[in-house]
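Below is one structure, written out as structure tokens, with a few remarks after it.
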Amino acid sequence: MILLHLLPILKGLDALPRVTCPNHPDAILVEDYRAGDMICPECGLVVGDRVIDVGSEWRTFSNDKATKDPSRVGDSQNPLLSDGDLSTMIGKGTGAASFDEFGNSKYQNRRTMSSSDRAMMNAFKEITTMADRINLPRNIVDRTNNLFKQVYEQKSLKGRANDAIASACLYIACRQEGVPRTFKEICAVSRISKKEIGRCFKLILKALETSVDLITTGDFMSRFCSNLCLPKQVQMAATHIARKAVELDLVPGRSPISVAAAAIYMASQASAEKRTQKEIGDIAGVADVTIRQSYRLIYPRAPDLFPTDFKFDTPVDKLPQL
């Protein structure tokens, strides 16, 4: 019975007029969205003009002329927030109808966002800003946001500044994603001290019952050498030197960053691309005296640390003894 009732409707749809080219009725017309014309691909005849575009209308309805956001229904949905941040912003009125007789705006722009969501939104913006400053990819930002949400909802770090928690979460996310950054690098792009980030780091690991892999000299070597504009041969030599020094237990108790800096100094001094302790220290974030202390530990075994295929510009016995 339902199909019998639909037959007249279907016949009516087939009977609707169809725009075709009079010379080529079987040709599939091409639609020019910019001009609003329908053109026959065979002869180029404009069959229809002023065609209504039924696609998305990317127009900004805000009075803010500087914005580049083509949307008109607020920000995209954020699954990390409790209500998904589904809200609408009302632009400032300009006409007389937007104000009452006392000059007050008729349309009040009130966002129904809780204080916790507002705090998380501010933290997410701070995390994105810090990540942009040190060129971190989007996946690390997403992991950092998730870590911050877990810590914030547990309320295990009450009394700590949200910026400090966000900085520590960014440090943890970098290590979990295999692209670790030093505390000094995170501290340089945030407004929090290195000591406070370290405290929050330990508290977060304890609160979330998670762990991070131990950092090694190889985690920083490629980045440090790249920032120092050192060739691939020097980078490979420095990586080999640092790995052998750890295997031979020449640098007990030394941080991987200081060992990496000392290995880069030794490899660069043996090559044509020499770098000073200060240049390496500025990139690695360690003091000159720290590089010297680690260098003195590995210098006595220097002949055993270099790879066999390394091309020396300065012989091992001519390396600086410091």
State yes or no: is residue 6 open to solvent by 80 Å² or more (accessible area, probe 1.4 Å), modelled with pLDDT under 65 and hydrophobic (A, V, I, L, M, F, W, C)?
no
Could you list, in sequence order, the residues of the stretch 186-199 that are among the hydrophobic types (A, V, I, L, M, F, W, C), open to solvent by less than 40 Å² (accessible area, probe 1.4 Å) and either farther than 21 Å from residue 160 by Cβ or out of contact with any Lys or Arg (no Cβ under 6 Å at 6 or more places or on another chain) (or both)?
186, 192, 197
Subset of the stretch 211-263, residues open to solvent by 80 Å² or more (accessible area, probe 1.4 Å) and assigned to a helix (DSSP H, G or I), comes to 227, 232, 236, 243, 246, 247
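Return the residues of the stretch 188-219 that are among the small types (Gly, Ala, Ser) and more than 23 Å from the chain's Cα centre (by Cα); say none if nothing qualifies.
Quick first cut of the stretch 188-219, residues among the small types (Gly, Ala, Ser) only: 188, 190, 193, 198, 207, 211, 218.
Answer for the stretch 188-219, where residues must be among the small types (Gly, Ala, Ser) and more than 23 Å from the chain's Cα centre (by Cα): just 207.
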Of the residues in the stretch 208-228, those that are without any contact (Cβ under 8 Å) to a residue 24 or more places away in the chain and either of a type in the set (A, V, I, L, M, F, W, C) or in contact with a strand residue (DSSP E or B) (Cβ under 8 Å, 6 or more places away or on another chain) (or both) number 1
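Hey, among the residues in the stretch 264-286 that are of a type in the set (A, V, I, L, M, F, W, C) and in contact with a helix residue (DSSP H, G or I) (Cβ under 8 Å, 6 or more places away or on another chain), which one's most open to solvent (accessible area, probe 1.4 Å)? Give the steps one after another, and end with the answer.
Taking the stretch 264-286 and keeping what is of a type in the set (A, V, I, L, M, F, W, C), we get 264, 266-267, 270, 272, 280, 283-284, 286.
This time we only want the ones that are in contact with a helix residue (DSSP H, G or I) (Cβ under 8 Å, 6 or more places away or on another chain), so: 264, 266-267, 270, 280, 283-284, 286.
Details: 264: 1, 266: 0, 267: 0, 270: 0, 280: 2, 283: 57, 284: 6, 286: 27 Å².
That would be 283.
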Answer yes if at least one residue in the stretch 208-215 is modelled with pLDDT under 90 and polar (S, T, N, Q), and no otherwise.
yes
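Scan the stretch 290-298 and tell me whether some residue there is more than 23 Å from residue 182 (Cβ to Cβ), part of a helix (DSSP H, G or I) and open to solvent by 40 Å² or more (accessible area, probe 1.4 Å). Break it down into steps so the answer makes sense when it comes.
Of all residues in the stretch 290-298, those more than 23 Å from residue 182 (Cβ to Cβ) come to none.
The answer is no; no qualifying residue exists.
Considering each residue of the stretch 212-265, count those that are of a type in the set (Lys, Arg) and either farther than 17 Å from residue 182 by Cα or in contact with a Lys or Arg (Cβ under 6 Å, 6 or more places away or on another chain) (or both), and give that number.
At the first step, the residues of the stretch 212-265 found to be of a type in the set (Lys, Arg) are 223, 232, 243-244, 254.
With the extra rule that they be either farther than 17 Å from residue 182 by Cα or in contact with a Lys or Arg (Cβ under 6 Å, 6 or more places away or on another chain) (or both), the set shrinks to 232, 243-244.
Qualifying residue count for the region: 3.
Considering each residue of the stretch 144-172, count those that are in a helix (DSSP H, G or I) and farther than 14 Å from residue 120 by Cα, and give that number. Give the derivation first.
Residues of the stretch 144-172 in a helix (DSSP H, G or I): 144-154, 162-172.
Going one step further and asking which of them are farther than 14 Å from residue 120 by Cα, we end up with 168, 170-172.
The total comes to 4.
Evaluate the following for residue 308: is it hydroxyl-bearing (Ser, Thr, Tyr), open to solvent by 50 Å² or more (accessible area, probe 1.4 Å) and assigned to a loop (DSSP other than H, G, I, E, B)?
Spelling it out, residue 308 is indeed hydroxyl-bearing (Ser, Thr, Tyr), open to solvent by 50 Å² or more (accessible area, probe 1.4 Å) and assigned to a loop (DSSP other than H, G, I, E, B).
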Scan of the stretch 173-185 for residues that are part of a helix (DSSP H, G or I), of a type outside the set (Lys, Arg) and surrounded by fewer than 23 Cβ atoms within 10 Å (Cβ to Cβ), ordered by number:
176, 183, 185
Going through the stretch 275-322 one residue at a time, which ones are more than 18 Å from residue 243 (Cα to Cα) and in contact (Cβ under 8 Å) with a residue 60 or more places away in the chain?
285, 311
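The values are calculated or read from the model by the stated rules, or taken from the named source; none is laboratory data. These numbers come from a predicted model, not from an experiment. Neighbour counts run over all protein chains shown; Cβ positions are idealised from the backbone, glycine included. Side chains included, ligands, DNA and RNA excluded: accessible areas come from the protein's heavy atoms. Shrake-Rupley method; radii C 1.70, N 1.55, O 1.52, S 1.80 Å.
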